[in-house]
1. Go through region A:23-47 and give me each residue that's facing chain B (nearest Cβ under 8 Å) and assigned to a helix (DSSP H, G or I).
2. Could you check, for region B:194-213, whether at least one of its residues is within 10 Å of another protein chain (Cβ to nearest Cβ) and in a loop (DSSP other than H, G, I, E, B)?
3. For B:A115, indicate whether it is over 30 Å from B:D50 (Cβ atoms), modelled with pLDDT of 95 or more and among the hydrophobic types (A, V, I, L, M, F, W, C).
4. I'd like the full set of residues that are buried (at least 16 other Cβ atoms within 10 Å of the Cβ), at pLDDT 85 or above and within 30 Å of B:P181 (Cα to Cα), limited to region A:8-56.
5. Quick check, is B:V151 of a type outside the set (F, W, Y), within 12 Å of chain A (Cβ to nearest Cβ), in a strand (DSSP E or B) and crowded, with 17+ Cβ neighbours inside 10 Å?
6. Name the residues in region B:71-92 that are under 23 Å from the mean Cα position of the chain (by Cα) and assigned to a helix (DSSP H, G or I), would you?
7. When you check B:T255 against the structure, is it β-branched (V, I, T), more than 10 Å from chain A (Cβ to nearest Cβ), out of contact with any Lys or Arg (no Cβ under 6 Å at 6 or more places or on another chain) and more than 30 Å from A:D41 (Cα to Cα), yes or no?
8. Could you go through region B:100-107 and let me know if any residue there is buried (at least 20 other Cβ atoms within 10 Å of the Cβ) and assigned to a loop (DSSP other than H, G, I, E, B).
Amino acid sequence: MRPFTLNYAFPRGAAQAVTPYHFDPARQLNMLPDGRPAVSDPDLLLAAGTTTSTAGSATHFDD
Amino acid sequence: MTVLILTSEEDVTADMVVNELHATGTPVLRLDPADLPGKAVLSADYAHGDFDGHLSVNGHVLSMGGLRSIWVRRPGEPAAHAPEPSPWLTAETRQALYGMLHSAAARWMNHPRNADQARLKPWQLRLGHLSGFAVPPTVFTTAPRLARAFVEQHKEVVVKSASGPPPGEPPLALPTTLIGPDADFSAVAAGPALLQRYVPKQADIRLTCVGTRLFAARKTAEPDQIDGRYGDTGHPWEPVPVPDRIGKSVHEYVTLAGLAYAAFDFAEDEDGIWWFLECNQGGQFGFVELETGQPIAAAVADWLALQRRPDRRGPEGRH
């Protein structure tokens, strides 16, 4: 029997988009293609959705 | 003295703190336990009554003697990126890494022992009561009869998961959902159900606690919105002051739980009362800071950079 709570689950939709930054091991920061740290562009981070309270839910439930 | 951040490379919320640490010249090592062994290297010596250890990754090296603090942010499973990962290799690597870190005299945000307990939703509700929060009536049960009786008593009831959506593909969403009295409760016997009296809310509140510093943000809810994490209301997160009574309860809660960091979720009802929903010991703050401008990353960096030895008599990580 399917647990009661799972009756309220639904597919989360399309796979996540590729993030527009990459990790720089030397600086220990994610960098944009133009060489700026990703954190210097708050609008881009908000649009990427990687700082939201559901962004890490696949691996960390306590967001 | 170096700050150690345990998180994945793609974690840009951690970037916000690394950036602050760089700005103040505080040495930092960022490590994903998933990269150990392999990209990261560990060595710990226990000999002649003494202890020392080293971690290195991407050309950065950390000595346990120079370890200032540890931020457990979004660490991967140890050895998850190994060429031949296995549950045994993960267990061995966890022993080596966390055994070494616990041997060092460092401050934790948050201490793993306290974090493990703080993740338990039923305990959160109990602690919420003890701390003086308003907590909606809640039941965890595997008894269909009791679930049905709870709904009959409270009329409007939501169901939520204690541990998040089940892992696997395709990825699932499991938002807090309003259930009706006509629901078939027989499936409650197949798994514990968390049922809670619905709080008709006019706003969601996210309160982030960093040490003794509090940052509260408010987002107006739509009349029919149940779970603030899902659905775009068009309303932004805005900074709001922390009521004195709430601030006192938050400090009581984190003291009892031994947490240096916590993100609280409240539902603000039509009378302005903040109802405690949960406390996420590793909760996200990036979206709050980006929308409100509240300096949460700087507060985390300040806490991690603080020069203070842990109190060896009590649970580490308390403050």
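1. Listed by number, the residues that qualify are A:A38, A:V39, A:P42, A:L45, A:L46.
2. No: region B:194-213 contains no residue that is within 10 Å of another protein chain (Cβ to nearest Cβ) and in a loop (DSSP other than H, G, I, E, B).
3. On the way: over 30 Å from B:D50 (Cβ atoms): no; modelled with pLDDT of 95 or more: yes; among the hydrophobic types (A, V, I, L, M, F, W, C): yes.
The answer is no for B:A115.
4. Result: A:Y8, A:A9.
5. Details: of a type outside the set (F, W, Y): yes; within 12 Å of chain A (Cβ to nearest Cβ): yes; in a strand (DSSP E or B): no; crowded, with 17+ Cβ neighbours inside 10 Å: yes.
Spelling it out, it is not the case that B:V151 is of a type outside the set (F, W, Y), within 12 Å of chain A (Cβ to nearest Cβ), in a strand (DSSP E or B) and crowded, with 17+ Cβ neighbours inside 10 Å.
6. Here is the first cut: in region B:71-92, the ones under 23 Å from the mean Cα position of the chain (by Cα) are B:71-80, B:90-91.
Hits for region B:71-92 are B:T90, B:A91.
7. Values: β-branched (V, I, T): yes; more than 10 Å from chain A (Cβ to nearest Cβ): yes; out of contact with any Lys or Arg (no Cβ under 6 Å at 6 or more places or on another chain): yes; more than 30 Å from A:D41 (Cα to Cα): yes.
So B:T255 passes the test.
8. So the first thing to find is which residues in region B:100-107 are buried (at least 20 other Cβ atoms within 10 Å of the Cβ), and the list is B:100-101, B:104, B:106-107.
Going one step further and asking which of them are assigned to a loop (DSSP other than H, G, I, E, B), we end up with B:104, B:106.
Checking region B:100-107: at least one residue is buried (at least 20 other Cβ atoms within 10 Å of the Cβ) and assigned to a loop (DSSP other than H, G, I, E, B).
The values are calculated or read from the model by the stated rules, or taken from the named source; none is laboratory data. None of the values given here were measured: they were computed from a predicted structure. Ideal geometry is used to build each Cβ from the backbone, glycine not excepted, and the neighbour counts take in all protein chains shown.
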